[in-house]
Every structure is written in structure tokens, then in C-alpha cells.
């Protein structure tokens, strides 16, 4: 009896600590957080047609900037990733497309500063706050994804769970989500997008 | 002793996370966490009581936090850290809201739980901040601004509770507030009188019955059981109404809401 008890205790501890459970769980967490990232990017794309329409009403001769946004959006929405079977190349392409959309949007918001009537428009200010909120959601989702990848990589590389991985799962280390060059530029100019009151 | 010490050292060396935290998240103990000391005592108590009874009645979990400094990070970053730690709102329903204010840095944010993003949208959060809160902050009147903001958030997220409790934002307060208040207090008085009368009637009736022997003589046991039940009901009502139990319910946030400065 005690033998059975002890062995079951040992097995349960072994199961908990060795990564048999935690490695697949961490993988699922990475997939789920990636899905959240893509859904927040989608939310942003959904806002853009209305935003472009409103800006066009007041600043129709800013054609270049507006078409840049529309084109970048078209490119970004044509690129989708399936979180559970995404390749690093796919993700990089996705990031690039979203990055150039961020850049184009950033320029649009900077330009809108020059049009007092546009800024006073109620629709525009609501869309602007939605866009800001969505950008923040993207940041949050991305940070959670980065944390999830970190957790997964820790399990895969740090003993004792790494031994389990090399015995059973053979997961490679996951590439960390990086900020694309286009996006980095937007991040540096981000204060212009936010809190642009006066 | 040496063994224990070396074990501790080993544990510390394996977990080198014990560093200097740049941004301290206070422990959640009350609906109104005024770390920056800008809310007056009366407002703070009133808000706490309202928010507590809102949460106890099955409504959203709304908290207010003021801090003296962000220590260099953005308010969005700080805010999501706070709500990830506090987990405001019920698990799965995700109906938490944080009203987060950094008075010295003139920063404010409403952080909205996942489940409330449809009601308290980013645009609406922005409007609440701009129209109800920051105009008062500009006059250094933090108590009024925060009270208005919380009332607005309540009337958006749970209109029924707002109606029942006379929670109205200042803009359309006076008339409706007065009439609603007097009506409800009349109703309450009437109800309580009715119940008292009912209890007295029942007691008298029982006494008469027991005198005539229609109820078994062990009326003392009956009586104690009955009064015990009553006492219990009363005390639980008190503890949930005025108690200080306030901790996160496990709600999730995804970064919705709005920030501004004044």
C-alpha cells in the first residue's frame, strides 16, 4: 500500500516538475497570445476605413498620405497567420506589413494636427481614441506574447524540463517576437500620436 | 542552521529576480487606494461604500488608484501592470475597471476590463475623462473629479444600480437625483414599517397560539432558532455592506480604455 502511495506521489511530482505537462501548456500559451496579437491588429485594420473617410472629408488634398495608409492596410490585411502552424518567415512578413501600416498611420495622425476643424470633429476624436486604445491593446498583446515565448523557451532550454523536451517533444527554441524596422521608427515618434491636445 | 542558511543562499542564487522594482504596485485593500493623498476623507469613504455595494450586488469591480509617481514608465504600462496584479473583476466575466491617476505628473487613465469594453468603449472613456474629470483636476479639485468619473463609469457599466442608488453624474444631477432619492427613501421607510408590523403580528399570533396550546410547549427552542436566523441575516448584511473585504476577483484586461493628461 505504502509502495503504491509512494510511487504515485513520486510520479505526480515527476509529472509536475519535468515539463511533460508544462511544455505543451507553454506552447498553447504562445499560440493563444499570438492569436490575440493578430486579432488586435485586425481590430486596427477595421478602424482604418472610417478614419480615412473622416480625414478625407477635411484634408482631401493629403492624397499621398491617405493612399499610403489604404495601401499599407490592404497589404497588411492580405497577410494572415495561423498561430498554431506559423513559420518564422510568415511571422516576419506579418510584422513587416503591420509595421509599415503603423508607419503610414503615424504620418496620417501627424498630418491631422494641421487641420483644426478635423481635430474638432467628434467622429475623428472618437476614432482617434479608439485607434490609441487599439495601439495600446496591440502593445499589451505583444508583451504577453513575448512573455509567453520567453516562458516556453525557458522550459525548452533550462533543465530539468529541457531533458523532457529533448526526450519527447523535440521543440526547437522559438524565435522571439521582434519589432520590425518600420515599427521601431513609429515607436520613436509615438508621442506625436498620443496626447496631441494642443 | 548552516544547512538552512546554505539552502536559502542556494534558492536565492537560483532565483536572481530579487532586484529593485522600478514601479511599486500597492496591495489592493480597498476600492479607493489614494496613495497620492488627493481625495478627501468623506469622498473616499462614500466612494468605497458605493463601489463595495456595487460589487456585492453582482456589479462590476471598480477601483480608484492614485500614485505620486510613475517612476519613468508610461501610464499605460503602469496601468496594465497594476490590473494584471490586482485582477479586478470576476473571473471569466472580466468586469473590472481601474481609474488610475498620477496627480503630480498630470496623467490619468481609465483601464477597462475585457468584458466591459463593449459598454465602456475607448471613446466613451476618453469622453468621461475630458468632460467629467479633468475640468475639475485643472482646479486642483481631485475629489469632485474622481467622484464624477466614478459615477459616470457606474452609470455606463451598470445603469440599474445607478438608478437605484441615486448615482448620477453632476451634469444632470439636481432634479432627477432629488426626486429619485425621496421616492426611494419613502419606499424604503414604508417597506421597513411593513416588515416590523409583520414581525410583531407573527410574534403575537404565535404567543396566542402557544397560550392555547396549539403549538408545542418547547417554544423557547422555536424562539431561539427563529431569532438566530434573524440575527444571522442581519449580521451578514452588515459585513457585506460595510466590511473591508476587497480583493481582485480574477478578471482579465487586454489594454482597453483611454489615457489623457490635463
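Nothing in this text is a laboratory measurement; each read-out follows from the coordinates by a stated rule. Predicted, not measured: the structure shown is a model, and the values here were computed from it. Virtual Cβ from ideal backbone geometry, glycine too; neighbours counted across all protein chains shown.
To the nearest ten degrees, helix A:22-58 and the longest principal axis of the Cα atoms of chain A are 10 degrees apart. The residue A:110 and residue A:53 beta-carbon pair, evaluated with R₀ = 22 Å, returns a calculated FRET efficiency of approximately 0.70.
Compute the Cα gyration tensor for the range A:55-139, then decide on rounded, prolate or oblate, letting a ≥ b ≥ c be the square roots of its eigenvalues: rounded whenever a/c is under 1.5, prolate when a/b is larger than b/c in the other cases, and oblate in all that remain. Because a/c hits 1.5 or more and a/b exceeds b/c, the range A:55-139 counts as prolate.
To the nearest 10 degrees, how steeply does helix A:122-157 sit against the main Cα axis of chain A, on a 0 to 90 scale? Orientation of helix A:122-157: about 20 degrees from the principal axis. Annotation: extensible slack from residue A:93 through residue A:143 equals 16.1 nm (criterion: 0.36 nm per residue apart, minus Cα-Cα distance). With R₀ fixed at 45 Å, the C-beta to C-beta distance from residue A:85 to residue A:6 puts the FRET efficiency at about 0.60.
Computed from the alpha carbon atoms alone, the convex hull of the range A:25-188 holds 100 Å³ per residue. Express in nm, to one decimal, how much length is gained between residue B:77 and residue B:140 on full extension, taking 0.36 nm for each residue of separation and deducting their alpha carbon distance. So the chain would gain 20.2 nm between residue B:77 and residue B:140.
Cβ crowding within 10 Å ranks A:31, B:95 as A:31, B:95, fewest other Cβ atoms first. Judged by the mean number of other Cβ atoms found within 10 Å, the most tightly packed of the peptides A:144-151, A:46-53, B:96-103 leads the ranking B:96-103, A:144-151, A:46-53. Treating r as the C-beta distance of residue A:71 and residue B:195 and R0 as 60 Å, the FRET efficiency rounds to 0.30.
Computed from Cα positions, the angle between helix A:2-18 and the longest principal axis of chain A comes to roughly 30 degrees.
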